Structures are given as C-alpha cells and as structure tokens.
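J.: Please find one structure pasted underneath; my questions will follow.
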Amino acid sequence: MLSYLWGGKKEANSTPENENPELAMREAMDAHGDFHTRIDGTLEYQDFIVFRAIITRQSGRLFAPKRAILNERKL
C-alpha cells in the first residue's frame with residue numbers, strides 16, 4: 001500500500017501508470033474491485049484505506065506541476 005502511495009518499487013510485470021491521473025485513479029479503483037460498505041453507507045476500514053491511498057496518489061500527481069510553481073515562488 002505505501003509503495004503505491006509514494007510511487008516506490010514497481011513489480012517487474014506491472015504496466016506503466018496512465019499519464020492522466022484521473023484515468024489512472026479509475027483504473028486503480030477498477031483493479032481493486034468492489035468497495036464494501038456497511039449498512040449506514042460508510043466504507044469498510046480496509047476499503048477506505050485503499051480508496052484514500054488511490055485518491056492521495058493521483059491527486060498528488062495531478063497537482064504536482066502547480067505545487068512546483070508555488071514552491072518556486074515561495075523560495
């Protein structure tokens with residue numbers, strides 16, 4: 001999980017991540033399969049952790065160019 005979140009070591013037979021972060025997010029969610037919910041509509045804990053890791057990784061990729069520009073201005 002952490003290697004996915006931080007872009008760590010990749011498996012030898014893995015396919016490259018999609019260039020578009022939104023499409024990569026959708027592919028990762030499809031690869032996970034069904035997210036199980038409780039009767040009140042909240043996600044099960046393990047599914048929530050996976051969901052959060054996918055969203056965090058792809059949002060970091062999406063906003064990386066803007067973050068780099070803001071960091072450059074900040075310095």
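J.: Each residue of the range 29-39 in turn: what ³J(HN,Hα) in whole Hz from Karplus with 6.51, -1.76, 1.60 and θ = phi - 60°, glycine and Pro shown as x?
T.: Residue by residue, the range 29-39 yields 5, 5, 5, 5, x, 6, 9, 8, 10, 7, 5 Hz.
J.: Quick check on the range 20-74: take the gyration tensor over C-alpha atoms, sort the square-rooted eigenvalues as a ≥ b ≥ c, and tell me if it's rounded (a/c under 1.5), prolate or oblate. Show your work: numbers first, answer last.
T.: Details: a/c = 4.34, a/b = 2.25, b/c = 1.93.
In terms of gyration-tensor shape, prolate.
Values in this text are rule-based calculations from the coordinates and carry no lab data. Everything numeric in this text was worked out from a predicted model, so none of it was measured.
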